[in-house]
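Notes to accompany the following structure.
Any read-out appearing in this document is the output of simple, stated calculations on the displayed coordinates, not a laboratory observation. Here the structure is a predicted model, which means the values were calculated and not measured. Using ideal geometry, Cβ is built from the backbone for each residue, glycine included, and neighbour counts are taken over all protein chains shown.
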Amino acid sequence: MTQGDAQDPVDRSRQRIRVLTDLGKRFGYGCFLAALIVFVVNYYLASSLFWSSLTVALLVIGSLLLAPAIIFGYAVKAAEREEQGLPHGH
């Protein structure tokens, strides 16, 4: 980014959204991985209501984090492509 780009409020907003979507994707996929690990451990060691509930909770939290992060991530990429004059990709 050049000095002029850093002052543009649209670019700052887009960068902030990009950072938040990256964090959302990281935590969302992390929750899915943790849910998988908890499920496998629960399956092989001892089946309990707590671990099953934790697995479901991790899947729900991961979905709630990941869905908007993916949508906004695509929106930022589409806005950048539009700004550069590239085709939309539809």
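For a Förster distance of 41 Å, can you work out the FRET efficiency between the beta-carbons of Ser52 and Phe72, rounded to the nearest 0.05?
Details: r = 31 Å, r/R0 = 0.77.
It comes to 0.85.
Taking 8 Å as the Cα distance limit and 6 or more residues as the minimum spacing, I'd like the relative contact order of the chain as a percentage.
Numbers: 64 pairs, mean separation 31.9, N = 90.
Rounded, it is 35 percent for the chain.
Residue farthest toward the positive end of the dipole of the stretch 10-77, with Cβ of Lys/Arg at +1 and Asp/Glu at -1: which of Ser52, Gly28, Ser13?
Ser13
For helix 9-44, what angle does its Cα long axis make with the longest principal axis of the chain, in degrees from 0 to 90 and rounded to 10?
The angle comes out near 20 degrees.
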